[in-house]
Structure formats: C-alpha cells, structure tokens
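> Starting off with a structure, shown below.
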Amino acid sequence: RVHLAVHDWGGAIGVRWAMDHPERLASLVAINAGGLSSTYRWHGFARALRTPGLGAALQATSTAATFRATLRRANPLLPVAEIDRMWSHNDRRTRRAALALYRSVGDPGALPREAAPVLAPLDRPALVVWGDRDPFIGPEHAERARDLFPHARIAHLPEGGHWPMLETPETVAGHVEPFLAGVVAASA
C-alpha cells in the first residue's frame, strides 16, 4: 500500500499510477498539484511553451536574472535560494525536456475525467494543501480534487504560491504530518 505525496506534474503522474493500481493506493497528499481538476486549462506560460517556435525561443533566451524576477514576482514567498537552485538545474537538456513534457499532453483536464469513475468510488483518504496565490494552478482547482477523492481535506494557504512546501514549510508540515500519522495509524 502506498501513501502518495505529489506536487505539480506529480499530481497527474500520481493519479495515473492510482488508476493503474487502485488496490495499492492507501492515501494521497497533493500540494498545488495538476491532474486533479477536470476544468483545468493551461496557464499562460504553459501555452507559450506549447507554441512551436515561441516555446523554444523563451527557453533559449531565459537568463538567471529573468528567471529569478519572474518566479519572485509570481511567488513572493519563494526563497531566492530556492529559485537559484531551480535555475541551477535548468540546463539545455532540462529545457528540452520541459518543452517535450508540456507538448506531450493535450487537454490537461482529460486525465481527471478518466480517473473519477475509478478513484471516486474508492474514497481513499486525501489531503489537498493549496497555496492560493499559485500563478499556474488557481485555488479553485483544489476543490475539484473531491471529484476524485470525495472526502478530501482541503487546506488553503491564502498567502502561499505554487511551492508552499518551500515557502512555508512549517505550515505545510503542520497539515501533512498529522494527516499521514492518522491514515497510517488507521491502516495499521
């Protein structure tokens, strides 16, 4: 049995895994995760990355300074050290992989629509933690997780951005640790 913890693209990967292995899913913790909302549509930067020519040009012309300024403006609580760490991994191969990833998925709401009939009847325990100032996946999508996990607990972090576990780790841990302790104890 698996207690999944997912963020961003990990949400879609986790939902796909759960659909393929429903008997092994014990619980889910989702933090600003994709793959949970059938109504999600690509955010502006994703649309740009998916556009032939434009996506490659954006990736090729990005600098550490523009990367830092863009993420900092959109996620004011995200520590600069974390932004710099993210940039340090943003080499040419990573940029190509990001383009391929964004272009590999058509309708981002298709997976949750496919998953709902499989996962909702299981009603596995789920915790959804959401930074409400996420510029990529808005807070309205946190509530849509209940389409897959009907009794999901949802914790909104009003000042949080896309990476609340990096922005306010103690607050996120204050939600995640008791949830996991409870579901692990209940399944023991």
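The values are calculated or read from the model by the stated rules, or taken from the named source; none is laboratory data. These numbers come from a predicted model, not from an experiment. As a convention, Cβ positions derive from the backbone with ideal geometry for all residues, glycine included, and neighbour counts pool all protein chains shown. Accessible surface areas use protein heavy atoms only, side chains included; no ligands, DNA or RNA. Shrake-Rupley method; radii C 1.70, N 1.55, O 1.52, S 1.80 Å.
> Roughly how many Å is it from the Cα centre of region 45-88 to that of region 134-188, as a whole number?
The distance from the Cα centre of region 45-88 to that of region 134-188 comes to 25 Å.
> So what J values fall out for region 122-129 if you push phi through Karplus, 6.51 cos²θ - 1.76 cosθ + 1.60 with θ = phi - 60°, rounded to Hz, Gly and Pro as x?
Once θ is set to phi - 60°, the couplings for region 122-129 become 6, 6, 5, x, 8, 10, 10, 10 Hz.
> At 7 Å along Cα-to-Cβ for each site, give me the label-to-label distance between residue 185 and residue 64 in nm.
The two pseudo-label positions are separated by 4.7 nm.
> Given R₀ = 35 Å, what would the calculated FRET efficiency be for residue 86 paired with residue 41, taking r from the Cβ atoms and rounding to 0.05?
On the way: r = 24 Å, r/R0 = 0.69.
Calculated transfer efficiency: 0.90.
> Can I ask one more? Quick one: length gained pulling residue 170 to residue 143 fully straight, 0.36 nm per residue minus the C-alpha distance? The partial results should precede the final answer.
On the way: separation 27, 0.36 × 27 = 9.72 nm, distance 2.28 nm.
Stretched out fully, the residue 170 to residue 143 stretch lengthens by 7.4 nm.
> I'd like to check one number: the per residue accessible area of the chain, probe 1.4 Å, reported in Å² as a whole number.
Value returned for the chain: 50 Å² of accessible area per residue.
> Gaussian network model of the chain, Cα springs within a sub-10 Å range: biggest mean-square fluctuation belongs to which of 48, 26, 57?
57
> Semi-axes of the equivalent ellipsoid for region 79-146, please: Cα gyration tensor eigenvalues, times 5, square-rooted, ordered largest first, whole Å.
29, 19, 11
> I'd like the carbon and sulfur percentage of the solvent accessible area for region 25-69, probe radius 1.4 Å, heavy atoms only, ligands and nucleic acids excluded.
Accessible surface attributable to carbon and sulfur in region 25-69 totals 68 percent.
> Related question: What part of the accessible area of region 133-188, given as a whole %, is carbon or sulfur when the probe is 1.4 angstrom?
59
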